[in-house]
Amino acid sequence: VRFPKEKGDEGNPLPIIVRYGRIYPLVIGENLKQNPSVRRTPVGEDATIMKPIPGRGWVLPRDTDKLKETLRTAKGEQLYVTVYLYPDSHSSFNNLKTLIFAAKIGYGLEFVPADRSLTFSSEGSKPPKL
């Protein structure tokens, strides 16, 4: 169980799911609006299942400019990237990691089993900065 807006010593996170060989930030752009490529399903009062929609995420290097804009905004908001990496997308993560380093923004990483969906809630935790 994860919570994308929880506060902690590491700062606030910018969650990015890396699945299906694509990049799915939960929020995007200069306004950090909800990403329409991620399906949100409320579970109870305080939890949401976040499921990337296959084929709709960003592909690098094609969508590099979009990702750079989101990372610039996150850095300005003093966020750090929390990456949730599925087994089918390690090469996409390598491309993402290069852009994270170039943006000089911190990140944390969690490996997610292929059969597990991500639920974010206030009771969850976030990967610490590496």
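The values are calculated or read from the model by the stated rules, or taken from the named source; none is laboratory data. Because the structure is predicted, anything quoted here is derived from the model rather than measured. Cβ placement follows ideal geometry from the backbone for every residue including glycine, while neighbour counts extend to all protein chains displayed. To get the accessible areas, we keep the full protein, side chains included, count just its heavy atoms, and leave off ligands, DNA and RNA. Shrake-Rupley method; radii C 1.70, N 1.55, O 1.52, S 1.80 Å.
Any idea how many residues of the stretch 53-69 are under 13 Å from residue 102 (Cα atoms) and either open to solvent by less than 50 Å² (accessible area, probe 1.4 Å) or touching a residue at least 40 places away in the same chain (Cβ under 8 Å) (or both)? Reasoning before the result, please.
Applying the first criterion (under 13 Å from residue 102 (Cα atoms)) to the stretch 53-69 yields 64-65, 67-69.
If we keep only those that are either open to solvent by less than 50 Å² (accessible area, probe 1.4 Å) or touching a residue at least 40 places away in the same chain (Cβ under 8 Å) (or both) as well, we get 64, 67, 69.
Result for the stretch 53-69: 3.
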Restricting attention to the stretch 108-130, which residues are among the hydroxyl-bearing types (Ser, Thr, Tyr) and either open to solvent by less than 30 Å² (accessible area, probe 1.4 Å) or touching a Leu at 6+ places or on another chain (Cβ under 6 Å) (or both)? 121
When (1) of a type in the set (A, V, I, L, M); (2) under 13 Å from the mean Cα position of the chain (by Cα); (3) more than 16 Å from residue 35 (Cα to Cα) are applied to residue 83, the one that fails is (3)
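For the stretch 112-119, state whether one or more residues are touching a helix residue (DSSP H, G or I) at 6+ places or on another chain (Cβ under 6 Å) and among the small types (Gly, Ala, Ser). Working first, answer last.
Kept after step one, since they are touching a helix residue (DSSP H, G or I) at 6+ places or on another chain (Cβ under 6 Å), are these residues of the stretch 112-119: 114.
Pick out the ones that are also among the small types (Gly, Ala, Ser) and you get 114.
Taking every residue of the stretch 112-119 in turn, at least one turns out to be touching a helix residue (DSSP H, G or I) at 6+ places or on another chain (Cβ under 6 Å) and among the small types (Gly, Ala, Ser).
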Give the residue that is farthest from residue 117 (Cα to Cα), with candidates limited to residues of the stretch 29-52 that are open to solvent by 30 Å² or more (accessible area, probe 1.4 Å) and hydrophobic (A, V, I, L, M, F, W, C). 32
In the stretch 1-26, which residue that is basic (Lys, Arg) and modelled with pLDDT under 65 is surrounded by the fewest Cβ atoms within 10 Å (Cβ to Cβ)? 7
